[in-house]
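Below you'll find the structure, written out as structure tokens, and then a few comments.
All of the numbers you see were taken from the coordinates with simple rules; none came from a lab. Worth saying up front: this structure is predicted, and the values here are computed from it rather than measured. Cβ coordinates were reconstructed from backbone atoms using ideal geometry, including for glycine residues, and neighbour counts include every protein chain displayed.
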Amino acid sequence: MWSAALLLLGVYLVPVLVSLCLADPRGGVPWHQARRDPTGLSPDPAATPEAVIQVFAAPAVSWRGIFSVHTWVAVKPTGAPRFTRYEVLGFGVANGAPAVRIDRMGPDNYWFGARPQIVLDRRSAGVDDMIARVRAAVASYPYPNAYRPWPGPNSNTFLAHIARQVPELAIHLPSNAVGKDFLPGGGLFAAAPSGSGFQVSLYGLAGILVAAREGIEVNLLGLSLGVDPVRPALKLPALGRRGLARP
């Protein structure tokens, strides 16, 4: 029994220790001095009349980046001259600022020195309707004035809420998006964020997710360990997905 417990502890702790040893994606620059300019990952609205939805993820600021990513969504309806960016931030919430922020930065900007990765890019027919539903999901987010980096609600709780409200997006959030498993209202059971399966979670601290897109993930203290058998990959605490990239 003790050996099994120690093995489980090691499986969760070793990836975290490895993450601690990885190079700083911000190059050692203090986060508040790091670049926040556009990356060019979003198309130029002037040259892109079609509707666009993009979801981004970047290492979280400061020590939180060891364990987790920060996620956000940017939308541009057909013919719109600009993107609108939606995200949840903890800065200033304790002093009365809202957690949900709109257009604090451009759609694809560096996240305090860290270059984001594209999690989702949709430009097909029907995207305008999905944009309307994304905006409705933003308005219905149950924690507009609350933020807690662990176990949630945080930016990843926000994106998971949007994903469940608009399952057609099929958002596959990174396994190291700590907070995505924090279910609103203390719920124990919900659809997986991708809409392709289900999950059970106890306040984002322990649970299991089984879905066609995410594979199998076991959550312990907010950290996810899992496997994607369809597109072979391991999902490791703090390190995220290691294996074949998602299509």
Exercise for the section: Note the angle between two axes, namely the Cα long axis of helix 2-21 and the longest principal axis of the Cα atoms of the chain, as a number of degrees from 0 to 90, rounded to the nearest 10. Expected result: 40
Exercise for the section: Could you work out which residue, out of ASP228, ASP108, ASP37, moves most in a Gaussian network model of the chain, that is, has the largest mean-square fluctuation with Cα springs under 10 Å? Expected result: ASP37
Fill in the blank from the handout: Rounded to the nearest whole number, the per residue volume of the convex hull around the C-alpha atoms of region 1-92 in Å³ is 157
Problem - Angle in degrees between helix 155-165 and the longest Cα principal axis of the chain, rounded to the nearest 10 - result: 70
Exercise for the section: Arrange the following residues from fewest to most other Cβ atoms within 10 Å of their Cβ: PHE182, PHE67, PHE158. Expected result: PHE67, PHE182, PHE158
Completion exercise
Shape call for region 126-178, from the Cα gyration tensor axes a ≥ b ≥ c (a/c under 1.5 means rounded, otherwise prolate when a/b beats b/c, else oblate), comes out oblate
Handout entry: Highest-fluctuation residue, GLN117, GLN33, GLN165 considered, GNM on the chain with Cα pairs under 10 Å
Key = GLN33
Handout entry: Cβ-derived FRET efficiency at R0 41 Å, GLU168 paired with LEU20, nearest 0.05
Key = 0.60
Exercise for the section: Starting from the Cα gyration tensor of region 166-247, multiply each eigenvalue by 5, take the square root, and state the resulting semi-axes largest first in whole Å. Expected result: 19, 15, 10
Exercise for the section: Give the Rg/Rh ratio for region 14-152, taking Rg as the radius of gyration of the Cα atoms and Rh as the Kirkwood radius, to two decimals. Expected result: 0.99
Handout entry: Proxy reagent accessibility, fewest Cβ within 10 Å first, across ASP181, ASP121
Key = ASP121, ASP181
Handout entry: Net length gained if the chain between ALA80 and ALA206 were fully extended (0.36 nm per residue, minus Cα distance)
Key = 41.2 nm
Handout entry: Amide proton proximity set for ARG35, modelled H, under 5 Å, gap of 5+
Key = GLY113
Handout entry: Inter-site label distance for TRP31 and SER62 at 7 Å from Cα along Cβ, in nm
Key = 0.6
Completion exercise
Contact order relative to length for the chain, counting C-alpha pairs under 8 Å separated by 6 or more residues, stands in percent at 17
Practice task
Mind checking the full-extension length gain between ILE216 and LEU188? Use 0.36 nm per residue of separation minus the Cα-Cα distance, one decimal, nm.
Solution key: 8.4 nm
